[in-house]
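Take a look at the structure below.
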């Protein structure tokens, strides 16, 4: 465990973090995700989602549900489920690159399941729950939109000036810069949405709780709030890596016909995700090396856009989720995280 050198972290736009924040000095086999009024945590063989439900008074006065920026004031509801990872079933799935694609697919499945649980927890008991089919459709639509926004639009726009460029290098450079600019603009737009502020606060609570656990301190809101809301294994950092890795993966393809450009951008997504996964796995193990910190610094700074400082009530929810995982897997902290796959990306 170490203390940051500077007295306080300050986010772009002047959003301050508490002074002298602590950072954990090792990785534990724990991952997580912020959900609606809650946090999902996952270990090796268990995942759990803790959600603060609306109080009876809130449900009585909000027949259409709480506003997105309104805090739920009821009890914490915890749901725990076993995790039978695909990676333990077949040796071939644990090969480098392949394991990253499989782990991310598994994380996506668990994440949307946790979102469904958290959304249903905000509804009155007599109301119909959101069906699994709706969430499955949401996953498909979300993946298609991400591919379209970050891969097809950049190559399509750059193709409009392909003949004027007359250079595969310039095409590769402009497409990569455009893809990264779209991604950064997307994050900036999300960070300004009032409706997502509480989700970002729970994102910060998740990071702080995991760091507190990795440091070996008792899991209490008082201890957890001392830690930075930034974490080197965050999904925000991972996504920036994806944007950068894509530039180098597509570079050797050159300038084929436009339809081949589109095909390569779609087919190349799993390869890019797998390579990015290996890089963030490596960075987690080598986080104390200066060159690793320098490479990961831009992605970590982006977390100022996707996290906010949580309050103690939100930290209590994140701790409840992790406590539920630890109840089923009490030896997580003594497990060697380097030999495990699937929880390298925190959120």
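Give the residue, chosen from 271, 261, 239, that is part of a helix (DSSP H, G or I), modelled with pLDDT of 85 or more and under 24 Å from residue 115 (Cβ atoms).
Details: 271 fails: under 24 Å from residue 115 (Cβ atoms); 261 fails: under 24 Å from residue 115 (Cβ atoms).
When all the criteria are applied, what remains is 239.
When the residues of segment 206-224 are narrowed to those that are surrounded by fewer than 24 Cβ atoms within 10 Å (Cβ to Cβ) and in contact with a helix residue (DSSP H, G or I) (Cβ under 6 Å, 6 or more places away or on another chain), which ends up nearest to residue 287 (Cα to Cα)? Spell out how you get there, then give the answer.
Of segment 206-224, the ones surrounded by fewer than 24 Cβ atoms within 10 Å (Cβ to Cβ) are 214-223.
Filter once more, so that each one left must be in contact with a helix residue (DSSP H, G or I) (Cβ under 6 Å, 6 or more places away or on another chain): 217, 219, 221, 223.
Working: 217: 20, 219: 23, 221: 25, 223: 22 Å.
Among them, the one singled out is 217.
Could you list all residues from segment 284-312 that are within 16 Å of the chain's Cα centre (by Cα) and buried (at least 16 other Cβ atoms within 10 Å of the Cβ)?
Here is the first cut: in segment 284-312, the residues within 16 Å of the chain's Cα centre (by Cα) are 284, 296, 298-308.
284, 296, 299, 300, 301, 302, 303, 304, 305, 306, 307, 308, listed by residue number.
Suppose we filter 233, 198, 229 for residues that are under 18 Å from the mean Cα position of the chain (by Cα), modelled with pLDDT under 90 and within 29 Å of residue 119 (Cβ to Cβ); which single one remains? So that I can check it myself, show each step before the final result.
Numbers: 198 fails: modelled with pLDDT under 90; 229 fails: modelled with pLDDT under 90.
Just a single option satisfies the conditions, and that option is 233.
Let me spell it out: the conditions are (1) in contact (Cβ under 8 Å) with a residue 12 or more places away in the chain; (2) over 15 Å from residue 104 (Cβ atoms); (3) outside any helix (DSSP H, G or I), and residue 233 meets all of them except one. Which number is the exception?
(2)
Output the residues belonging to segment 25-56 that are loosely packed, with under 14 Cβ neighbours inside 10 Å and either in contact with a helix residue (DSSP H, G or I) (Cβ under 9 Å, 6 or more places away or on another chain) or without any contact (Cβ under 8 Å) to a residue 12 or more places away in the chain (or both).
25
The values are calculated or read from the model by the stated rules, or taken from the named source; none is laboratory data. Predicted, not measured: the structure shown is a model, and the values here were computed from it. Glycine gets a Cβ as well: all are built from the backbone with ideal geometry, and neighbour counts include every protein chain shown.
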